[in-house]
Amino acid sequence: MKTASIANDLNYNETKPNVSVLLETDNSKELRILLKKGQSMKEHQTPFPIVVEIFEGNIIFGVNGEKHNFKKGDMLSLDGSVPHDLEALSDSIIRLSLSKKDKINRVKGVANS
């Protein structure tokens, strides 16, 4: 058994999204992305499907240029190779489920650019 808390040790970065690993299992990688209001992650793609959960806050999630508003409690799934971006409308906590084959550093690279 492995455990983690998405709500503990919240360290927002003032200049860019903060990406951290919550859990890594045999099948997936569970990440937490902390975004301050106004922070964003520019358009990017993932090679594998993802699942995104808005644990706290409110974000605009762009898919192929179309903007969608998601708030606390909302979830979405997205196939690989689909261009997407996001922007925080309020301080937000996001859970991102990645394929085990995906790279955590890829996500951190998007957050840092």
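Tabulated data for the structure shown
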quantity	calculated
Selected residue (criterion: nearest to Asn27 (Cα to Cα)) from residues of the range 89-98 that are surrounded by 15 or more Cβ atoms within 10 Å (Cβ to Cβ) and more than 11 Å from the chain's Cα centre (by Cα)	Asp91
Long-range neighbours under 7 Å by Cβ, at least six apart or interchain, first residue in contact (Cβ under 8 Å) with a residue 24 or more places away in the chain within the range 43-63, second among the hydroxyl-bearing types (Ser, Thr, Tyr) and buried (at least 17 other Cβ atoms within 10 Å of the Cβ)	Ile50/Ser97; Val51/Ser97; Ile54/Ser92; Glu56/Ser92; Gly57/Ser92; Asn58/Ser92; Ile59/Ser92
Strands (runs of 3 or more DSSP E) wholly inside the range 70-113 containing at least 3 residues that are in contact with a Phe, Trp or Tyr (Cβ under 9 Å, 6 or more places away or on another chain)	84-88, 92-99
Cβ pairs under 6 Å, 6+ apart, first in the range 69-96 and modelled with pLDDT of 95 or more, second in a loop (DSSP other than H, G, I, E, B) and among the hydroxyl-bearing types (Ser, Thr, Tyr)	Gly80/Thr46
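The values are calculated or read from the model by the stated rules, or taken from the named source; none is laboratory data. Please read all numbers here as calculations on a predicted model, not as lab measurements. Note that we place each Cβ from the backbone using ideal geometry, even for glycine, and neighbour counts take in every protein chain shown.
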